[in-house]
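Down below is the structure, laid out as structure tokens.
Values in this text are rule-based calculations from the coordinates and carry no lab data. Keep in mind it's a predicted model, so treat the numbers as computed, not measured. Here Cβ is always computed from backbone atoms with ideal geometry, including for glycine, and neighbour counts include all displayed protein chains.
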Amino acid sequence: MKNKLCRAKADFDCKTSLFSTFEIVTVREYNDYNGGTYLDEVNTIAEFLDTANAYDEPFYRVYGIYKNSMPVSRKFICDFYDIEQAVSFLHDLTGKTIQLISY
């Protein structure tokens, strides 16, 4: 397994944007009991290491976090299967250094 547990964020101070921050979260697809699958965020190392019902390797989801005036808190932007690509994307998008909260 080459993927790691990661959570990261990049502040975004563009005054005309509806986003205040962008974040990367670790996500995994799981088999459900009805024969389908569902996605869930992986927040702890225990969840990351628990592969029971896991459909595939974890991957990284990028969200835009809205400023306080919006009715919803965040919006899905894209997925990456490599953390370095996700970090590079956020750096390209914001021009800021990415804060790795857990890695």
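Report ³J(HN,Hα) in whole Hz for each residue of the range 48-63, in order, from the Karplus equation J = 6.51 cos²θ - 1.76 cosθ + 1.60 where θ = phi - 60°; Gly and Pro get x.
So the J values, rounded to whole Hz, are 5, 7, 7, 9, 4, 6, 6, 7, 7, 5, x, 9, 10, 10, 9, 10.
List the trypsin sites (Lys or Arg not before Pro) within the range 69-102 that fall in a DSSP loop (any state other than H, G, I, E or B) and whose Cβ has at most 16 other Cβ atoms within 10 Å. Intermediate values should be presented prior to the final figure.
Values: sites: R74, K75, K96; in loops: K96.
Passing both the DSSP loop test and the Cβ count: K96.
Given only helices, namely DSSP H runs of n ≥ 4 each adding -39500 (n - 2.57), what is the per-residue ellipticity at 222 nm of the chain, to the nearest 500 deg cm²/dmol? Mind showing how you got there, number by number?
Details: 2 runs with 17 residues, N = 103.
Computed ellipticity for the chain at 222 nm equals -4500 deg cm²/dmol.
Can you give the Kirkwood hydrodynamic radius of the range 21-84 from its Cα pairs, in Å with one decimal? Show your work: numbers first, answer last.
Working: mean 1/r = 0.0768 Å⁻¹.
So the Kirkwood estimate lands at 13.0 Å.
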